[in-house]
Amino acid sequence: MDGTIEQRACDLAAYIIENGATVRSAAKHFGISKSTVHKDLSQRLPQCNKGLYRQVRSVLDLNKAQRHIRGGMATREKYRKCK
């Protein structure tokens, strides 16, 4: 990935907002770790673009609120495949 760290944070935020993506899927898409995505979005993005940070924060908060549902669905599918 070319460019500065600030540009990477903005690119990550744009991807998450456009796709409603999770931190995990954004990390996989950009080929970086989840820790890097989280640090870019929570620490670096607010310093360089507060408006974009507010938008991505709302998407991440929604994902966090829904994660227990996704986990339950994944477990359900896992055991359905075992039968």
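Taken together, the values in this text are just the output of simple stated rules run on the coordinates, not laboratory data. All of these numbers come straight from a predicted model, not from anything done at the bench. We place every Cβ from the backbone using ideal geometry, glycine too, and count neighbours over all the protein chains shown.
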Residues (buried (at least 16 other Cβ atoms within 10 Å of the Cβ) and assigned to a loop (DSSP other than H, G, I, E, B)) located in the range 1-31: 21, 22
Qualifying residue in the range 51-61 (condition: part of a helix (DSSP H, G or I), in contact with a Pro (Cβ under 7 Å, 6 or more places away or on another chain), on the phi < 0 side of the Ramachandran plot and surrounded by 14 or more Cβ atoms within 10 Å (Cβ to Cβ)): yes
Failed item, numbered, when residue 40 is tested on (1) free of Cβ contacts under 8 Å to residues at least 40 places away in the same chain; (2) in contact with a helix residue (DSSP H, G or I) (Cβ under 6 Å, 6 or more places away or on another chain); (3) surrounded by fewer than 16 Cβ atoms within 10 Å (Cβ to Cβ): (3)
